[in-house]
Ligand SMILES: [Zn+2]
């Protein structure tokens, strides 16, 4: 019995991981994605709809127009990049939307499928369209790189303990076994990384710089934006955005290293 398991489990792990892996655009990093994009999108559309219904949309016509204008430019850049790299299929089912919400929080996000929200509280820090392009490039990059899917997949793995595994084996033996084994580090043999949100952050910075540059915004302006965020951090209560996006010296240094690459995509 033990001998059979030794051979079969790694084979199952390898085959299922091969099927369930996707590749992050630009960085080429392999990631584990157990949840189909269509399923992530329907979850996202449901949640986004609820959010828009229960939050106060801004009435600032200039602000609304700016969010949509910068958003659509970044969207167009993403679509162009994906088309040029034969990755347009990753955008299947996308239904882009850009909304400005009246809320003092310093925050912005993009859910799977291109559902974007900008909070009015971040606009004094973005200052202008260039600053907003840094934020939208970064947030949209999280969605394009399927970071939410990845996090959920990792969550599924975390949730399957020994007891749950026993139950799950009877219904989905191959998948549950590979989830379990991956949780214990076997997955690392085929290049799947365990959760590192800092990794996802720097990946979103990297992709975001390229998307903003392709959208016609100078990627060099990402540095002063993150410096402004960093100086906000010196206040008594760090904004929401900074709990997920620490604007430290390392982040700014990494961005500076990526600027020569991003600048190649910048159309004046
Ligand atoms: Zn981020």
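Computed from the coordinates by the stated procedures, all read-outs in this text should not be read as laboratory data. Computed from a predicted structure; not experimentally measured. No Cβ is skipped: glycine too gets one built from the backbone with ideal geometry, and neighbour counts run over all protein chains shown.
Pairwise over distinct Cα atoms, reciprocal of the mean inverse distance: report the Kirkwood radius of segment 53-164 in Å, one decimal place.
It is 15.3 Å.
Find how much the distance from residue 264 to residue 218 grows on full extension, using 0.36 nm per residue of separation minus their present alpha carbon separation; answer in nm with one decimal.
Gain on stretching residue 264 to residue 218: 15.5 nm.
Which distance in nm do the two modelled labels at residue 42 and residue 105 give, with both placed 7 Å along the Cα-to-Cβ direction?
About 2.7 nm separates the two model spin labels.
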